[in-house]
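Since the structure comes first, as structure tokens, the remarks are kept for the end.
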């Protein structure tokens, strides 16, 4: 289990069933997460919204998604934040209490493997605030794509939009948390199919190959 140390935000013995490591990664349950923030520094910036979509048995569950705005004071929003996320003062002022949103989000993610794109940024905001940290191993589509592209396409940029173009994945609304979560979910399923061609099938082999 030593190779998993860097992949857990909590002791994996708490909730994670180790037998899942031998399962076909395409058959497991995932929750794909994307957050919108006022910036990238969790010490001074704030969460604006959280979105998540679920994947089960290799299918995106279109009827199961999570997208909530979080209340922030008007002075929290900078002009550049509004331009990037298109979240204006009205939307943020109508958001819900952060603690309530995070509790609902935590329940939505229960018993699913969390993943995202450049996911450590989202985790740096979420982990200190969640009622209980993720105890399942998390995955990052950026590092999976980097592993797959390092031999034949080493210079491909790893931004979500670029990778979606590279793998011929249709675009959803960019810089919108739910749109980015959906794009990431599509990208993840495509990456899993590419990994299968290299005989990387189990969750164990997926974690090993993308944590090198």
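Looking at (1) assigned to a helix (DSSP H, G or I); (2) modelled with pLDDT of 85 or more; (3) surrounded by 14 or more Cβ atoms within 10 Å (Cβ to Cβ), can you tell me which one residue 4 breaks?
Going through the list (1) assigned to a helix (DSSP H, G or I); (2) modelled with pLDDT of 85 or more; (3) surrounded by 14 or more Cβ atoms within 10 Å (Cβ to Cβ), residue 4 breaks only (2).
Looking at 185, 177, can you tell me which residue is at pLDDT 95 or above and closer than 24 Å to residue 106 by Cβ?
Numbers: 177 fails: at pLDDT 95 or above.
Of the residues listed, the single one that is at pLDDT 95 or above and closer than 24 Å to residue 106 by Cβ is 185.
Of the residues 187, 163, which single one is within 21 Å of residue 66 (Cα to Cα) and touching a helix residue (DSSP H, G or I) at 6+ places or on another chain (Cβ under 9 Å)? Please lay out each step first, then the result.
Numbers: 163 fails: within 21 Å of residue 66 (Cα to Cα).
It is 187.
Go through (1) surrounded by 14 or more Cβ atoms within 10 Å (Cβ to Cβ); (2) at pLDDT 90 or above; (3) out of contact with any helix residue (DSSP H, G or I) (no Cβ under 8 Å at 6 or more places or on another chain) for residue 117 and report which single condition fails.
Every listed condition holds for residue 117 apart from (3).
Let's see how each residue does on (1) over 29 Å from residue 70 (Cα atoms); (2) at pLDDT below 85; (3) in contact with a helix residue (DSSP H, G or I) (Cβ under 6 Å, 6 or more places away or on another chain); (4) exposed (fewer than 14 other Cβ atoms within 10 Å of the Cβ):
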| site | (1), (2), (3), (4) |
| --- | --- |
| 9 | no, yes, no, no |
| 31 | no, no, no, no |
| 39 | no, yes, no, yes |
| 51 | no, no, yes, no |
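For segment 91-112, give me each residue that is under 30 Å from residue 198 (Cβ atoms) and either in contact with a helix residue (DSSP H, G or I) (Cβ under 8 Å, 6 or more places away or on another chain) or surrounded by fewer than 16 Cβ atoms within 10 Å (Cβ to Cβ) (or both). Lay out the reasoning, then the answer.
Filtering segment 91-112 for residues under 30 Å from residue 198 (Cβ atoms) gives 109, 111-112.
Residue satisfying the conditions is 111 alone.
Table: residues versus (1) without any contact (Cβ under 8 Å) to a residue 24 or more places away in the chain; (2) under 23 Å from residue 28 (Cα atoms); (3) touching a helix residue (DSSP H, G or I) at 6+ places or on another chain (Cβ under 7 Å).
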residue	(1), (2), (3)
147	no, yes, yes
154	yes, no, no
171	yes, no, yes
178	no, yes, no
210	no, yes, yes
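The values are calculated or read from the model by the stated rules, or taken from the named source; none is laboratory data. Everything numeric here is computed off the predicted structure, so don't read it as measured data. As a convention, Cβ positions derive from the backbone with ideal geometry for all residues, glycine included, and neighbour counts pool all protein chains shown.
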